[in-house]
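The values are calculated or read from the model by the stated rules, or taken from the named source; none is laboratory data. Treat the numbers as computed from the prediction; the structure is a model and nothing was measured. Cβ atoms come from the backbone with ideal geometry, glycine included; neighbour counts cover every protein chain shown.
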Amino acid sequence: MRRPVLAGNWKMYKTAAETTAFLKSFAPLVSKSTHAEIVICPPFVNLPAAVAAAHGTNIEVGGQDLFWLREGAYTGEISAPMLSAVGCRWVIVGHSERRQYFHESDETVLKKTQAALTAGLTPIVCVGERLEERESGATESVLRTQCAGGIAGLTQEEFARIVIAYEPVWAIGTGKTATPEIAAHAHRVLRAELALYFGEAAQSARILYGGSVKPDNVKDLMAQEEIDGALVGGASLDPASFAAIVNY
């Protein structure tokens, strides 16, 4: 049985004070929610506030990105040991916005995933196609390529410790959501591809859906056997909205 993960990616929103206020409101709303793992991923500067506010709750904290080396002259970067030391247990890797705006590649996704695992973090490794790729019928090819370059290089032991997020780029922040059937098909493609590299372990891999997940569509998405949770963007910024998603 794959335990769901409901993760909120706050992107570049909220201050430390707003983070504390959010968790003060949100924590009581999900305090009895034992069916899933609940994760909040605020901006780097808000991580200490998030960890402090989440202490003693069933909410865990993650970073939105990381660099693959432990330390060095890399101005502006954050390493996996730094995230771990501040209290993070999770980290998002290879989000489509990182790929689009900061030229992340499948190669760097693999290196960041391995760095996260070495530091004891659980990486949420993102894959997904752009609109023009879907319209040209290249969705399955894109997913296979991203798996081959960004995940297949892991060992069996490493693979068992990651979470994957399928994010159709055309559905992120656009209000467009892949239908539950479209999302489930993509998840089946991913699982079949991962089975080529990791065998039966692919059946245990948790694959989340990300892309305009909201309180009014999460139940239908989660009803799909292949969907093991959600990576939520804008709807995770409001305590009541994200709680409604967690408590689908």
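Details
- Any chance Gly72 is farther than 29 Å from Leu29 by Cβ and not β-branched (Val, Ile, Thr): yes
- Which numbered condition Ile164 misses (of (1) in a helix (DSSP H, G or I); (2) within 16 Å of the chain's Cα centre (by Cα)): (1)
- Residue match in segment 104-114 (condition: on the phi > 0 side of the Ramachandran plot and either assigned to a loop (DSSP other than H, G, I, E, B) or touching a Lys or Arg at 6+ places or on another chain (Cβ under 7 Å) (or both)): no
- Boolean, Glu71 is in a strand (DSSP E or B) and not aromatic (Phe, Trp, Tyr): no
- Flag for Ile59 being β-branched (Val, Ile, Thr) and either modelled with pLDDT under 95 or under 16 Å from the mean Cα position of the chain (by Cα) (or both): yes
- Test result for Ala205, within 23 Å of Thr108 (Cα to Cα) and at pLDDT 95 or above: yes
- Just one of (1) modelled with pLDDT under 95; (2) closer than 18 Å to Ala7 by Cα; (3) assigned to a helix (DSSP H, G or I) fails for Gly173. It is (3).
- Selection status of Glu200, within 20 Å of Thr113 (Cα to Cα), of a type outside the set (A, V, I, L, M, F, W, C) and modelled with pLDDT of 95 or more: no
- Scope segment 204-237; condition in a loop (DSSP other than H, G, I, E, B), farther than 16 Å from Gly175 by Cβ and of a type in the set (D, E, K, R); matching residues: Glu225, Glu226, Asp228
- Looking only at segment 178-203, and only at residues there that are over 18 Å from the mean Cα position of the chain (by Cα) and either among the aromatic types (Phe, Trp, Tyr) or not in a helix (DSSP H, G or I) (or both), the one that is farthest from Phe159 (Cα to Cα): Thr179
- Of residues in segment 115-134 being out of contact with any strand residue (DSSP E or B) (no Cβ under 7 Å at 6 or more places or on another chain) and outside any loop (DSSP other than H, G, I, E, B), the one surrounded by the fewest Cβ atoms within 10 Å (Cβ to Cβ): Glu132
- Of the residues Ala171, Ala240, Ala230, the single one that is buried (at least 19 other Cβ atoms within 10 Å of the Cβ), small (Gly, Ala, Ser) and either touching a helix residue (DSSP H, G or I) at 6+ places or on another chain (Cβ under 6 Å) or within 27 Å of Asn58 (Cα to Cα) (or both) is Ala230.
- Filter pass, Ala85 being surrounded by 15 or more Cβ atoms within 10 Å (Cβ to Cβ), of a type in the set (Gly, Ala, Ser), at pLDDT 95 or above and not in a loop (DSSP other than H, G, I, E, B): no
- Candidate set: segment 141-156, residues that are among the small types (Gly, Ala, Ser) and part of a helix (DSSP H, G or I); chosen: the one surrounded by the most Cβ atoms within 10 Å (Cβ to Cβ): Gly150
- Pair list, Cβ under 8 Å, 6 or more apart: segment 182-200 residue touching a residue at least 60 places away in the same chain (Cβ under 8 Å), other residue part of a helix (DSSP H, G or I) and surrounded by 20 or more Cβ atoms within 10 Å (Cβ to Cβ): Leu190/Leu143; Leu190/Cys147
- Residue match in segment 102-109 (condition: over 19 Å from Ile151 (Cβ atoms), over 16 Å from the mean Cα position of the chain (by Cα) and touching a residue at least 40 places away in the same chain (Cβ under 8 Å)): no
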